[in-house]
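*Asks:* First, the structure itself, so that you have it in front of you.
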Amino acid sequence: MQSTTDSLDFVTIEGLLAYGEQFARRPAIDGVSAPPAPASSNDRAARARQAMASIKDFVARARAGFPRADAYRSARQAVIDDACAGDPLVFFAAWNRLLAEGALHPLMRAPIGSVLKPTQRRPVAIVPRAQLTPQLADGRIVLDLGDDRFWLLPRELSGRTLLFTMRHGISRVESKTHRVGRRLANQLDVERGVPRADVVGAALARMVGVVGQQLDFLHLSNYLEPRGFLHFISRSPNTRQLFERVRAALARDPLPPTEAVYAPALESSDFGWITGVEKTVEVQELAAAFGVEVSTAKRLIKDPLYCYPGGNSFFDLYVDVIDGLHQLGAAHAGQAACLYTHSSTLRALMIYLDARPFHEAFTEFSDYKESQDNVVLLTFEKGHLSGYSTAVGLSERERASRDSWMAVERVRKDRVTLKPRQIKRIVALVSGGDFAGAGAALKELRVQAYRFGLEVHFVRHGFLGLANNWIEPVTEEDTRGMSSHASSPIGSSRFEDFKDELVQRAAVGHLAPFLEDAALVVLGGDGSFRGARAIYEGFGVQVVGIPGTIDNNLEGTISLGYHSAMALADQSIESLKATSAAMGSVFFVEVMGAGSGHLALACAYQARAEGLLVNEHPDPDAYIDEVILGTLKRTLGVPNKSHLFVVAERTPHRHHREGGVHGLVDYVAGAIGGWAQRHAKPGQYPLTLATKATILGHTLRGAPPTPEDKAIAQHLAYETVHRLVERPEDVVGCMMAYRERGAIDAIPLHAVSPKQFDWDLFARMHGTELRNGPP
Ligand SMILES: Nc1ncnc2c1ncn2[C@@H]1O[C@H](COP(=O)(O)OP(=O)(O)OP(=O)(O)O)[C@@H](O)[C@H]1O
Ligand SMILES: O=P(O)(O)OC[C@H]1O[C@](O)(CO)[C@@H](O)[C@@H]1O
C-alpha cells in the first residue's frame with residue numbers, strides 16, 4: 001500500500017516552476033485581483049532549492065509550537081520575504097517540493113495557539129422532539145435544527161457568544177467548476193443563488209424561532225431577538241448579498257437599518273494566480289508540467305498543505321479561520337452574530353469541530369459540496385469554540401450524504417482482500433481504557449478460531465505492543481480461566497504516537513507475516529477504532545472491531561465493560577445511599593465517561609439517585625441551582641432520607657475549572673448553610689449534615705465481568721470468527737455491534753458514531769417525561 005508521501009514523487013522543482021510561471025504571466029481574469037507577477041529570473045530553481053532549508057527550519061519551529069496564529073503567519077511570511085527574496089514562485093516551488101518529500105506533514109499536528117484541536121469537547125445538547133420536555137426547554141435558547149432535533153443552550157449569553165456561520169450559496173463563478181477564492185469579487189447567481197440565499201434566510205429564521213410555529217408545542221415565546229444580531233461579511237460581494245437576504249428573512253417587522261462589518265476571518269482560500277481558472281484546466285496544466293496523468297496530478301492539489309502559486313494552502317486558511325473565529329467570539333461576548341462566508345471556511349470549521357486529528361477529518365470532509373451543510377452553529381465560551389453543522393432547508397442534503405456514504409462503503413468493500421474460507425490466523429489486541437469482558441471475548445475468539453483450525457496470536461498492550469512487536473502465539477492453556485478475568489488479561493494501552501502514519505507503518509511491518517491470510521481483531525472504544533480504520537484504509541490490514549469501553553458511547557451497540565462497571569458502581573452507590581440515609585449527609589458520586597453521561601445516567605437511574613449532573617445538559621449551572629439545591633431544599637432533614645447525586649466527570653460548571661464534583665461540595669454546603677431550616681430552633685436539634693464527594697474513577701474499569709458482559713463478549717467473538725471465515729466482506733473494516741443475541745450487525749468503521757444521550761430516561765428519572773410534567 002502506498003502512502004500519500006510516496007505518491008507525490010512526480011513533483012519536481014522544475015515542473016512546479018514551469019506551471020507557476022505560466023499562470024503568473026497570464027493576464028488577470030476580469031474581477032480578479034491577482035498578485036503582481038515577479039520579475040523573470042534564470043536561477044529560480046537554484047534559489048528554490050536553497051530556500052528549502054529555511055522552510056524546514058520553519059517546520060521545526062512550528063513543531064515546537066507557535067503561541068498564536070499570527071506568529072505562524074509572520075514566520076511563514078518571513079520565509080517568503082527573506083529566504084525567497086519576496087519571490088512567491090520560489091516559495092511555491094520550494095514548499096511543494098518539500099510537501100512531496102513528506103517534510104511538511106508535521107505542520108498538521110503543530111501546536112498553533114487556539115488552532116490546536118481541544119482534547120476534550122463538551123457534547124452539544126441536541127434533543128429529539130419526542131424528548132423535549134417543557135422543563136428542559138424552559139428558560140433556554142432552543143434552536144430548531146430541522147429533522148425534529150433541537151439544540152438547547154442557556155438563555156443567558158453573558159460570557160458566551162453565539163455564531164451562525166453561513167455560506168453564500170450559488171454564485172456567478174461557481175466553486176464547483178472554478179477556483180474562486182478571496183481574490184475574485186463574486187456575485188450571487190440571480191436565478192439560483194438568490195433563491196438559495198432566501199432559503200438559507202428562511203431556515204435561519206425558523207431555527208431561531210422568528211416563525212415560531214415549530215415550537216408552538218412548547219408554548220414558548222421567542223428566545224432570540226434578531227434585531228440585536230451582529231452581521232459579518234467577507235470582501236466578496238456575494239456574502240453581502242446573502243447578508244441582505246438573511247436580514248430580510250429575519251425581519252418580522254421592518255428592522256432598523258443594520259450594517260454588516262468586514263471580518264478577515266471570513267475570507268476564503270487564496271488561490272493566487274490560479275484564481276478564476278477552471279478546475280479542469282488547472283489540473284490538465286499541472287499534469288502537463290509534470291508529464292503525468294491528470295489523476296496523478298490531482299493528488300498534489302488535494303493535499304491540504306499544497307500551496308497555490310502566489311496564494312496559500314488549505315491548511316493556511318484553516319489556521320486563519322479557526323484563529324479568527326476565536327478572536328471574533330472573544331470580542332463579542334454576550335451577543336449573537338451571523339457570519340456570511342464561503343464553503344472552504346465552513347469546511348475548515350467542520351474539520352475543527354470533528355474529534356479526529358486534522359488530516360483524518362480533512363479526508364472525511366473532502367467531498368464537501370454545495371448541497372451539503374450550509375450553516376455551522378457555534379458557541380464561543382471560556383476560550384473554546386464548540387458547535388454543530390447542519391444543512392438547514394436543503395432537500396438535497398440527504399441524497400448527497402447517502403451518496404457519499406455509499407461511495408465510502410464501496411471503498412471499504414474494495415479493500416477487503418480476505419476471501420471466504422481463506423483466513424488462517426487471527427491476531428487480537430485490546431486498546432484504550434481497559435474494560436471487563438475483554439478476557440471472555442479473547443477466550444471465545446481462541447475457542448472458535450481453533451474449531452476452524454485457525455492459529456491465534458495476541459498482541460500485548462494494544463497498538464503500543466504492535467509497534468513493539470509484542471505479538472505472541474496463543475495456546476489452549478494460555479486462555480484457561482480468561483473468561484472471568486477482570487480488566488484485560490493481555491493488557492491495553494493509550495499510545496498517542498499511533499496517530500502518526502510513520503509509527504503505523506512500522507507497527508504494520510510487524511504484522512507482515514499475517515497480512516495475507518489473517519485478520520486483526522481490535523477490542524476497544526472509538527479511539528481504538530480510529531486506529532483500526534487508519535491501518536485498514538492506509539495499509540490494507542484486515543481489521544474487525546469489537547466494542548469495549550465502560551463509557552458505552554458508541555451508537556448502535558452495547559460496549560463490553562459497561563454492565564460490569566455499572567454493577568461495581570452500584571455497590572458503592574448503594575453503600576453511599578445507606579450511609580447518607582443513616583446520617584442525613586449529602587453525597588456527590590463522580591463516575592467516568594470520557595466527558596459523556598451514558599454511564600452516569602445508567603448508574604443514577606438504577607440507584608434511584610436524587611439527581612444527575614451530566615455534560616450533555618444544556619445548562620449544568622442551572623441544574624445545580626434548580627434541581628440539586630431545589631431537591632435538597634425539599635428533602636434535607638427528612639428522617640432516613642438519602643441525598644445522593646451522580647455526576648459525570650468533567651461536566652463543566654462555574655464552581656471549578658475542572659468541573660465534575662470539584663467545587664460542588666463547597667458550593668452546595670455553603671448554600672445549605674444559609675437556609676433558614678438549618679438554623680436550630682430552641683429545643684430542636686437538626687442532624688449534622690456533611691456534604692462529601694466520592695470519585696469512583698478508575699475502580700470501574702477493573703471491575704470483575706458480570707455474567708451479562710461475559711455472554712455479550714462471547715456472542716460478539718463467536719460471530720466475529722464465524723463471519724470472518726464465511727463472509728469476510730461483511731465484517732472486515734467494520735465494528736461488530738451488539739443489540740441483543742441474534743441481533744449482531746457489522747457497522748462500517750467509517751460510520752461508527754457517538755451514542756446519543758438518552759433524554760427519555762433522563763426525563764423519566766426526573767419525573768418530567770409527561771409533556772406537562774407529572775399529574
Ligand atoms: N486517530 C487515530 N489514529 C490512529 N490511532 C488512534 C487514533 N485515535 C486513537 N488511536 C489509538 O487508539 C488508542 C485508544 O484510543 P482512546 O485513548 O481514545 O481510547 P478508546 O479506544 O476510545 O477507549 P476508551 O475511551 O474507552 O478509553 C490511542 O491511544 C491510540 O493508540
Ligand atoms: O486511563 P485514563 O487516561 O485516566 O483515561 C480516563 C478515561 O478512560 C475512560 O475510563 C474510558 O476508558 C473514560 O471514561 C475516562 O475519561
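Only the coordinates and a few stated rules stand behind these numbers; no lab work does. Computed from a predicted model, the values in this text were never measured in an experiment. A quick note on method: Cβ atoms are made from the backbone with ideal geometry, for glycine too, and the neighbour counts reach across all protein chains shown.
*Asks:* Under a plain spin-label model, where a point goes 7 Å from the Cα along Cα-to-Cβ, how far apart in nm are Lys413 and Leu502?
*Replies:* Spacing of the two 7 Å Cα→Cβ label points: 3.8 nm.
*Asks:* With all pairs of different alpha carbon atoms counted, what Kirkwood hydrodynamic radius in Å does region 628-735 show? Walk me through the intermediate numbers first.
*Replies:* Numbers: mean 1/r = 0.0533 Å⁻¹.
For region 628-735, the Kirkwood estimate is 18.7 Å.
*Asks:* Please compute the alpha carbon radius of gyration of region 454-594, then divide it by the globular-protein estimate 2.2 N^0.38 Å. Two decimals is fine. Kindly include the intermediate steps, with their values, before the conclusion.
*Replies:* On the way: Rg = 19.0 Å, N = 141, 2.2 N^0.38 = 14.4 Å.
Rg over 2.2 N^0.38 Å, computed on Cα atoms: 1.32.
*Asks:* Among Gly673, Pro704, Leu188, whose Cα projects farthest towards the positive end of the dipole of the chain, with charges put on the beta-carbon of Lys, Arg (+1) and Asp, Glu (-1)?
*Replies:* Result: Gly673, furthest along the dipole toward the positive end.
*Asks:* Under the Karplus relation 6.51 cos²θ - 1.76 cosθ + 1.60, θ = phi - 60°, what is the ordered set of whole-Hz ³J(HN,Hα) values for region 55-67, x standing for Gly and Pro?
*Replies:* 5, 4, 4, 4, 5, 4, 5, 4, 4, 6, x, 10, x
*Asks:* Using only alpha carbon pairs under 8 Å that are at least six residues apart, calculate the relative contact order of the chain and give it in whole percent. Walk me through the numbers on the way to the answer.
*Replies:* Values: 1525 pairs, mean separation 97.0, N = 775.
Relative contact order, the chain: 13 percent.
*Asks:* When you have a sec, figure out the Kirkwood radius of region 315-357 from all distinct Cα pair distances and drop it here in Å to one decimal? Each step should come with its number before you reach the end.
*Replies:* On the way: mean 1/r = 0.0891 Å⁻¹.
Computed over Cα pairs of region 315-357, the Kirkwood hydrodynamic radius comes out at 11.2 Å.
*Asks:* Follow-up question, since we're still on this one. Can you give me the relative contact order of region 1-155 as a percent, contacts being Cα pairs under 8 Å and 6 or more apart?
*Replies:* 25 percent
*Asks:* Next question. Considering the convex hull of the alpha carbon atoms of region 256-386, report its projected area averaged over all viewing directions, in nm², one decimal.
*Replies:* Values: hull surface 39.3 nm².
Orientation-averaged projected area of the Cα hull: 9.8 nm².
*Asks:* Which residues does a label at Gln335 reach in region 224-254, if reach means a backbone N under 15 Å from a point 7 Å past the Cα toward the Cβ?
*Replies:* Answer for this model: 225-233.
*Asks:* If one computes the Cα centroid of region 563-625 and of region 278-341, what distance in Å separates the two points?
*Replies:* Cα centroid of region 563-625 versus Cα centroid of region 278-341: 46 Å apart.
*Asks:* Another question, if that's okay. Order these peptides, 644-650, 633-639, by their mean beta-carbon neighbour count within 10 angstrom, highest first. All intermediate terms of the calculation are to be shown ahead of the outcome.
*Replies:* Numbers: 644-650: 25.9, 633-639: 12.7.
My ranking of the peptides, most packed first, is 644-650, 633-639.
*Asks:* Could you work out the mean projected area of the convex hull around the alpha carbons of the chain, in square nanometres to one decimal?
*Replies:* Averaged projected hull area, Cα only: 36.4 nm².
*Asks:* Return the long-range amide H neighbours of His656 (sequence gap of 5 or more, or a different chain), with a cut-off of under 5 Å between placed amide H atoms.
*Replies:* HN-HN under 5 Å from His656: empty list.
*Asks:* Sort 117-123, 754-760, 307-313 by the packing proxy (mean of other Cβ within 10 Å over each peptide's residues), most packed first.
*Replies:* Values: 117-123: 15.1, 754-760: 17.6, 307-313: 23.1.
In descending order of packing, they fall as 307-313, 754-760, 117-123.
*Asks:* Once the principal axes of the Cα atoms of region 604-687 are found, what is the range along each, listed largest first in whole angstroms?
*Replies:* Principal extents (Cα only, largest first): 45, 28, 17 Å.
*Asks:* Using just the helices of the chain, give the 222 nm mean residue ellipticity in deg cm²/dmol: DSSP H runs with n ≥ 4 each add -39,500 (n - 2.57), and the total is spread over all residues, rounded to 500.
*Replies:* Values: 25 runs with 294 residues, N = 775.
Helix-only estimate at 222 nm: -11500 deg cm²/dmol.
*Asks:* What is the Cα centroid distance between region 149-203 and region 517-537, reported in whole angstrom?
*Replies:* What the calculation gives is 38 Å, centre to centre.
*Asks:* Sticking with this structure for a sec: Volume per residue, Å³, of the convex hull around the alpha-carbon atoms of region 482-539? Mind dumping the intermediate values first?
*Replies:* Details: hull volume 5.9 nm³, N = 58.
Roughly 102 Å³ of hull volume per residue.
*Asks:* Taking the Cα atoms of region 17-130, what is the range of coordinates along each of the three principal axes, in descending order and whole Å?
*Replies:* 67, 39, 24
*Asks:* Sort Ile426, Ile550, Ile695 so that the residue with the fewest other Cβ atoms within 10 Å of its own Cβ comes first and the one with the most comes last.
*Replies:* Numbers: Ile426 28, Ile550 31, Ile695 16.
Arranged by neighbour count, lowest to highest, Ile426, Ile550, Ile695 become Ile695, Ile426, Ile550.
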